[in-house]
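These notes concern the structure reproduced below.
The values are calculated or read from the model by the stated rules, or taken from the named source; none is laboratory data. The shown structure was predicted, so the numbers you read here are calculated from the model rather than taken from an experiment. Quick reminder, even Gly has a Cβ in these numbers, built from the backbone with ideal geometry, and neighbours come from all protein chains shown. Ligands, DNA and RNA are stripped out before the accessible areas are found, and what is left, the full protein with its side chains, is counted by its heavy atoms. Shrake-Rupley method; radii C 1.70, N 1.55, O 1.52, S 1.80 Å.
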Amino acid sequence: LAQRFHTVMLTDVPVLHMADRNEARRFITLIDALYEAHAVLIMSCCSDIYHIFTGQFDDGDASPLLGHAGEEEVFAFQRAISRLVEMASSQWIINGRNRFLADNARRQAHEAAHPPTLE
C-alpha cells in the first residue's frame, strides 16, 4: 500500500485503548510503512494525535497488570505519534512523493516568504 500510493487517506480513526492492542499494532505498522515510504497521510480521527492512544483500558484503568507488554505498545505508539507530527509538517509534504502537493507547498512557502507588495 505504502509503496504503491504516494498519498493515503485514512478517516474516522478511533481513540485506541489497551484493549485494542491488536488494532493499535496494525495502526502503528501502517504509520511505520507510510513513514518509511515517505508517503503523504491525510487522516481524520476522533481525537488529536497526542491522545489517540490512551495506554489504558476502556474503563480508564492504567492497570499495573500490563507490565512490560503494555510498555512496549506505549513506546511504539509514542514513536508513531512522533512520526505523525513529522508527517504533518510542510517540509514532509515538500519532500514527499506527491508532486502536486509538493509543488503547492513550495508555492505557499515562497508566497509566505515573499508577500506581494501593494503599490
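Scanning region 20-44 for residues that are of a type in the set (Gly, Ala, Ser) and outside any helix (DSSP H, G or I) yields a total of 3. Here Arg25, Arg79, Arg99, Arg83 are screened, and the one residue that is at pLDDT below 90 and either open to solvent by 70 Å² or more (accessible area, probe 1.4 Å) or of a type in the set (Lys, Arg) (or both) is Arg99. Pairs meeting the criteria (first residue in region 75-103 and part of a helix (DSSP H, G or I), second residue of a type in the set (Ser, Thr, Tyr), beta carbons under 6 Å, at least 6 apart or on different chains) are Arg83/Tyr35. Figure legend. Inter-residue proximity from region 1-24: first residues within 22 Å of Leu101 (Cα to Cα), second residues in a helix (DSSP H, G or I), beta-carbon distance below 6 Å, spacing 6+ or different chains. Indicated pairs: Ala2/Ala33; Ala2/Leu34.
Considering region 57-73, the residues that are surrounded by fewer than 16 Cβ atoms within 10 Å (Cβ to Cβ) and part of a helix (DSSP H, G or I) include one that is modelled with the lowest pLDDT, namely Leu65. Restricting attention to region 3-19 and to residues that are open to solvent by less than 50 Å² (accessible area, probe 1.4 Å) and either in contact with a His (Cβ under 9 Å, 6 or more places away or on another chain) or not in a loop (DSSP other than H, G, I, E, B) (or both), the residue that is modelled with the lowest pLDDT turns out to be Met18. On inspection, His51 does not qualify as surrounded by 13 or more Cβ atoms within 10 Å (Cβ to Cβ) and modelled with pLDDT under 90. Can you pull out the residues in region 28-45 that are open to solvent by 40 Å² or more (accessible area, probe 1.4 Å) and either under 28 Å from Asn104 (Cβ atoms) or touching a Phe, Trp or Tyr at 6+ places or on another chain (Cβ under 6 Å) (or both)? Passing the criteria: Leu30, Ala33, Tyr35, Glu36, His38, Ile42, Met43, Ser44, Cys45.
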